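The values are calculated or read from the model by the stated rules, or taken from the named source; none is laboratory data. Remember, it's a predicted structure, so these values are computed and weren't measured experimentally. Backbone-built Cβ (ideal geometry, glycine too); neighbour counts: all protein chains shown.
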Amino acid sequence: MTDALAQEVADFGIKVTLVEPGGFATDWSGASAVIADAHPAYAALHENMAARRAQVVLPEPVGFKSAILTLVDAEEPPLRVFFGEGPTQMAPQVYQQRLSEWAQWAHVSKAAEGK
């Protein structure tokens, strides 16, 4: 959607940037959150997620105001920007997987185009 929006508004001189943040030490899922009753079918997933969270020390969300303002003031801002280590570490693997999957299914795309 970000790519499409960026293309649609480019002729108006509007720049679009998708900020892709990693995890940060906030109260996002703490006392301020409204949490539904847990469904037993998800118990193993919740346990796995809690175990992963226990292994990670999340950074404080400090300094990102100035980073956002830098993006806003940029003559040619990026279409996407990562904040934090998590996305930066995950992105290469995720994009490689996408490229591999697209290549695997390219024959279907070409068939749809009548090639």
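Quick notes on this one:
- Residue match in the range 85-93 (condition: surrounded by 10 or more Cβ atoms within 10 Å (Cβ to Cβ), over 16 Å from the mean Cα position of the chain (by Cα) and among the polar types (S, T, N, Q)): no
- Some residue of the range 59-78 being of a type in the set (Gly, Ala, Ser), modelled with pLDDT of 95 or more and under 26 Å from ALA10 (Cβ atoms): yes
- GLU8 over 25 Å from VAL94 (Cα atoms), touching a residue at least 24 places away in the same chain (Cβ under 8 Å) and either assigned to a loop (DSSP other than H, G, I, E, B) or not hydroxyl-bearing (Ser, Thr, Tyr) (or both): no
- Taken over the range 75-108, the criterion of being of a type outside the set (D, E, K, R) and in contact (Cβ under 8 Å) with a residue 12 or more places away in the chain is satisfied by PRO77, PRO78, LEU79, VAL81, PHE82, PHE83, GLY84, GLY86, PRO87, THR88.
- Scanning the range 74-82 turns up no residue that is touching a Gly at 6+ places or on another chain (Cβ under 6 Å) and under 25 Å from TYR95 (Cα atoms).
- Annotation: of all residues in the range 13-53 being in contact with a Phe, Trp or Tyr (Cβ under 9 Å, 6 or more places away or on another chain) and modelled with pLDDT of 90 or more, the one that is nearest to GLY86 (Cα to Cα) is GLU20.
- Of the residues screened, VAL56 is not one that is β-branched (Val, Ile, Thr), surrounded by 10 or more Cβ atoms within 10 Å (Cβ to Cβ) and modelled with pLDDT of 95 or more.
- Considering residues of the range 1-28 that are touching a strand residue (DSSP E or B) at 6+ places or on another chain (Cβ under 9 Å) and β-branched (Val, Ile, Thr) only, the residue surrounded by the most Cβ atoms within 10 Å (Cβ to Cβ): THR17
- Taking the range 11-45 as the range and being among the hydrophobic types (A, V, I, L, M, F, W, C) and in contact (Cβ under 8 Å) with a residue 12 or more places away in the chain as the test, the residues that pass are VAL16, LEU18, VAL19, PHE24, ALA25.
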